[in-house]
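For reference, the structure is listed below as structure tokens.
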Amino acid sequence: MLPKILSSQRRARRLGALLHYLVLVLVALFCAFPMLWTLSTAIGTEGNVFAFPPSLIPSAPSWVNFAEVFKVIDLGRYYWNSIWITFWTVVWTVVVCALAAYPLARLKFKGRQLVFSIILVTLMLPTEVNFLVNFITMSKLGLVNTHLGVILPTIAGAIGIFMLKSAFEEVPQDLIDAARVDGASELRIFWQIMLPLALPQIATLIIFTTVTSWNNFLWPGVVLTKSELMPLAVGILELSGTFGSATRVIAAGAVLTIAPALLVFFFTQRFFMRGLDGAVK
């Protein structure tokens, strides 16, 4: 009797695990479907692109669509613009968010909670709300059609400040008090104690900012009108003007745009999840 009960329980557990994995696979396919369809369209050269139900298996696969992208637009220049903008956006985002998060986490001053609440409120606002005032500001500063005009409005993000503030609050107060007793200045405490201990969250912020800045399309499209200054996400639009109906070539351009961001996330996802876990705690 007992062996039958144990066998029945094992079967129930296996069935539960099977259903669990089945649901996870379906959710993963649903989330990844747009990217898989784009990749299949870019590689395939025959068949109806908009057939329903869509096929994820490319017909007559070839790299000719990718070669066509390199022939038509100056992809190297757009890649360089994206790298330049992303690099300086990441650098200044980490510096500004860390300098803003440290006093909010560790220094006592009047209105500290109010300031942090105002910063959090900005998370509720759509990014597009800021476009008008940011464009007017950049225009008055003479930064329209410059990479600095793309970078400047994006470096002080509420998510980065929140993430690093949470990381700084996890540092034991006794450690900071000991450093102050030894005569360390606030700048030295910030540089030699707080930043090294917050490296997982800083790594997460770097990855998050890199992917966001690389894929940023709307704001660079607003502030940049010169083709030679545009990043890849905006410059790839030239394909839709040149190949109005060549969906496969446009799909190839989209794959070339998102591939670097996917590679960055693929190789650094361990640090991303670790840092995000620490920030949530």
Picking from Ser82, Ser62, the residue that is open to solvent by less than 70 Å² (accessible area, probe 1.4 Å), at pLDDT below 90 and of a type in the set (Ser, Thr, Tyr) would be Ser62
Counting only residues that are in contact (Cβ under 8 Å) with a residue 40 or more places away in the chain, part of a helix (DSSP H, G or I), open to solvent by 30 Å² or more (accessible area, probe 1.4 Å) and farther than 16 Å from Ile83 by Cβ, the range 204-232 contains a total of 3
Quick count over the range 58-112, residues being under 30 Å from Ile43 (Cβ atoms) and outside any helix (DSSP H, G or I), is 8
Subset of the range 3-48, residues closer than 13 Å to Arg248 by Cα and small (Gly, Ala, Ser), comes to Ser40, Ala42, Gly44, Gly47
Just wondering, is there one or more residues in the range 191-198 that are buried (at least 18 other Cβ atoms within 10 Å of the Cβ) and under 26 Å from the mean Cα position of the chain (by Cα)? yes
Condition set of a type in the set (Gly, Ala, Ser) and assigned to a loop (DSSP other than H, G, I, E, B), scope the range 154-169, selection least open to solvent (accessible area, probe 1.4 Å): answer is Gly157
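The values are calculated or read from the model by the stated rules, or taken from the named source; none is laboratory data. None of the values given here were measured: they were computed from a predicted structure. With ideal geometry, Cβ positions are generated from the backbone for all residues, glycine too; neighbour counts draw on all protein chains shown. Note: areas computed on protein heavy atoms with side chains; ligands, DNA, RNA excluded. Shrake-Rupley method; radii C 1.70, N 1.55, O 1.52, S 1.80 Å.
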